[in-house]
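Enquirer: Before anything else, here's the structure in question.
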Amino acid sequence: MSATTAPVHVDRLPSPALRRFAWGVLAYFIAVILWGALVRATGSGAGCGDHWPLCNGTVIQHSARSDTIIEFTHRITSGISLFSIVALLIWTYARTSRGHLARVAAFASVIFTLIEAALGAFLVKLGLTAQSQSPLRAPYLALHLTNTLLLLAAITLTAHFLARPTGYLRGQIRVAAPLAALASLAVLLLVGVTGSLAALGDTLFPPSSLTNALAQDFSAASGWLVRWRWTHPTVAFGACVVLIWLLVRAAQRRSHWDNRALSALVLILLAVQYGLGVLDVILLAPVWLQIVHLLGADVLWSALVVLAARVTLEPSEAP
C-alpha cells in the first residue's frame, strides 16, 4: 500500500502583467493628483458649481467654460481611478497567496481612495474651492493632502510587494528599526503639507514681484496663510538632514539587497526638489512650475516609501 503524501503548498506568484498593472495604477494616480493641483492652481474648483458627482446638475456639458472642463475632467479621471484600484485589489487577491503583504496594501489603497473621494465631495459641497478664503480651507487641504500621500504610499507598497522575489508573506519578514523609517516618512509628509499650504497662499494672494512676496511674508497686514509660507522651506531644510541620514543608513545595509542605487535616486530627486523650490520662489510660483514641483514630490515620496520598506521589512532568515 502506498503511503499518503500530504499536498505540497505552492505559492501563487503574481504575474508580470499584474506587476506592470500595479506600477501603471501608481503612475495614473500621480497624473490624477497633478490634474487636481491644476484645478486648485487655476481656481477651477467651482467649475461644476456645488453639484457632486454631477457637474452643474448634468452629465453632458454644453458650451462649457474652461474651469468647468478642468474640474469635470478631474472628476472623470478620479472616477476611473476608483475602478482601477478595485481592479488591482481583485487581481492581487486572485494571483497571490494568503498572507501576501500586497493584499494588505491593496486593501488599504481602496480605503484611502474612498476617503479621497469623500474629501473631494465635501470640498465641493462646503464651497472650499476657487478663491474661497474660508478658515476651514487650509486645515481641510492639509487633511486632503495627508490622505493623498497615504494613498500613494499604499499603492506604492502594493506594487513593491508584488515585485519582491522574497519577503512578501507575513511570518517570513522581520521588522528592523521601523522608527527611523517612519520618522523620515512623517517628516516628508510634513514637508508636503506645508508645501500645499504655501501653494494655496500663492493662489489666493499672488505676489506681483519677488520683493512684494518677501514683504507679504513678514507683513503684519498679511493673512496667516501668507505669513506662514516661510514654514515650507524651513521644514524642507530640516527634513533634508533626516532624509540624508536615512539614505546613508540604507546604503550601508546590504543584508538582503543592495540599496545604494535606490538611495542615490532618492538623493538626486531630493536635490531636484530643492532646485525646483528655489525656482518656485524666484519665478513667483507659475502654474506649470507648481505642477512640476508636485510631480517631483510625488515621485520622491514613492521612492522613499520603497526604500523605507526595503530597510524596515526584511526577509527573515531561513530556519
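The values are calculated or read from the model by the stated rules, or taken from the named source; none is laboratory data. The shown structure was predicted, so the numbers you read here are calculated from the model rather than taken from an experiment. Virtual Cβ from ideal backbone geometry, glycine too; neighbours counted across all protein chains shown.
Enquirer: So, in region 184-227, exactly how many residues are of a type in the set (Phe, Trp, Tyr) and part of a helix (DSSP H, G or I)?
Expert: Number satisfying all stated conditions: 1.
Enquirer: Do you know which residues across region 14-46 are part of a loop (DSSP other than H, G, I, E, B) and either surrounded by fewer than 21 Cβ atoms within 10 Å (Cβ to Cβ) or of a type outside the set (Ser, Thr, Tyr) (or both)? Walk me through it before giving the result.
Expert: Start the filter on region 14-46 by keeping residues that are part of a loop (DSSP other than H, G, I, E, B), which leaves 14-15, 42-46.
Of everything in region 14-46, those that are part of a loop (DSSP other than H, G, I, E, B) and either surrounded by fewer than 21 Cβ atoms within 10 Å (Cβ to Cβ) or of a type outside the set (Ser, Thr, Tyr) (or both) turn out to be 14, 15, 42, 43, 45, 46.
Enquirer: How many residues, within region 182-231, are within 17 Å of residue 284 (Cα to Cα) and among the aliphatic types (A, V, I, L, M)?
Expert: Count: 11.
Enquirer: Pairs under 8 Å by beta carbon, first residue within 16 Å of residue 200 (Cβ to Cβ) in region 272-294, partner assigned to a helix (DSSP H, G or I) and of a type in the set (D, E, K, R), six or more apart or different chains?
Expert: Within 8 Å, the pairs are 284/202; 285/202; 289/280; 290/202; 290/280; 293/280.
Enquirer: Can you tell me which residue among 157, 152, 162 is in the same structural domain as residue 45 (by TED's automatic domain parsing), aliphatic (A, V, I, L, M), touching a Pro at 6+ places or on another chain (Cβ under 7 Å) and in a helix (DSSP H, G or I)?
Expert: Details: 157 fails: touching a Pro at 6+ places or on another chain (Cβ under 7 Å); 152 fails: touching a Pro at 6+ places or on another chain (Cβ under 7 Å).
None of the other options fit; the residue is 162.
Enquirer: Residue by residue through region 301-315, note down the ones that are in contact with a His (Cβ under 7 Å, 6 or more places away or on another chain) and either in the same structural domain as residue 159 (by TED's automatic domain parsing) or not in a helix (DSSP H, G or I) (or both).
Expert: Initial filter on region 301-315 (in contact with a His (Cβ under 7 Å, 6 or more places away or on another chain)): 306, 309, 314-315.
Correct list: 314, 315.
Enquirer: Further question: Looking at 103, 95, 65 in this structure, which one is in contact with a Ser or Thr (Cβ under 7 Å, 6 or more places away or on another chain) and over 22 Å from residue 29 (Cα atoms)?
Expert: On the way: 103 fails: over 22 Å from residue 29 (Cα atoms); 65 fails: in contact with a Ser or Thr (Cβ under 7 Å, 6 or more places away or on another chain).
Just one listed residue meets the conditions, 95.
Enquirer: Among residues belonging to region 88-100 that are in contact with a helix residue (DSSP H, G or I) (Cβ under 8 Å, 6 or more places away or on another chain) and in contact (Cβ under 8 Å) with a residue 60 or more places away in the chain, point out the one that is nearest to residue 168 (Cα to Cα). So that I can check it myself, show each step before the final result.
Expert: In the first step, residues of region 88-100 are kept if they are in contact with a helix residue (DSSP H, G or I) (Cβ under 8 Å, 6 or more places away or on another chain); the result is 88-89, 91-93, 95-96, 100.
Filter once more, so that each one left must be in contact (Cβ under 8 Å) with a residue 60 or more places away in the chain: 88, 91-92, 95-96, 100.
Numbers: 88: 17, 91: 16, 92: 13, 95: 13, 96: 10, 100: 6 Å.
Restricting to residues being in contact with a helix residue (DSSP H, G or I) (Cβ under 8 Å, 6 or more places away or on another chain) and in contact (Cβ under 8 Å) with a residue 60 or more places away in the chain, the top hit is 100.
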